[in-house]
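Have a look at the structure below before the remarks.
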Amino acid sequence: MPLGPSLYGNGRFYLSGEAYHLFNTCNVWTARVLSNAGLPLSPALAIHVSGLMSQVREHGVTVQAGSLP
C-alpha cells in the first residue's frame, strides 16, 4: 500500500512488515531479495546504497532512469 512520496526523486514510501532501522534499511531488503533470487550479495554490506550498488555492479550493468535510448 503506497503511503506517500519519498524525500527525494520519484521514490515512494510503502507499507511494510519489516522494521526499519540502521542495520535493516531498504537497501538491505533489496540485497536480501536479490540474494534469495540467486545473486551472491551480502545484505550486511548493503546498509547504504553505495554498498548495495558496488555489489550489484559486479554482476551486471546498472541502468538508471532516463539513460535508455
Distance in Å, no decimals, from the C-alpha centre of segment 8-24 to the one of segment 29-49 is 15 Å
Phi angles of segment 24-35, converted by Karplus (6.51 cos²θ - 1.76 cosθ + 1.60, θ = phi - 60°) into ³J(HN,Hα) in whole Hz with x for Gly and Pro, give 9, 8, 4, 5, 5, 4, 5, 4, 5, 5, 5, 5
Decide, for segment 17-61, between rounded, prolate and oblate: order the square roots of the alpha carbon gyration tensor eigenvalues as a ≥ b ≥ c, take rounded if a/c falls under 1.5, and otherwise choose prolate if a/b is larger than b/c, else oblate.
oblate
The chain: longest segment with zero exposed chymotrypsin sites (Phe, Trp or Tyr not before Pro), where exposed means DSSP loop plus at most 16 other C-beta atoms within 10 Å, is residues 24-69
For Phe13, residues with placed amide H under 5 Å, excluding near neighbours:
Leu3, Gly4, Ser6
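Over the chain, what is the mean sequence separation of C-alpha contacts under 8 Å (at least six apart), divided by residue count, expressed as relative contact order in percent? Please list the in-between numbers first.
Working: 60 pairs, mean separation 13.3, N = 69.
Dividing the mean separation by the residue count of the chain yields 19 percent.
Here, each number is a calculation from the coordinates, and none is a lab measurement. On a predicted model such as this, the values are computed, not experimentally measured, just so you know. Positions of Cβ are backbone-derived with ideal geometry, glycine not excepted, and every protein chain shown enters the neighbour counts.
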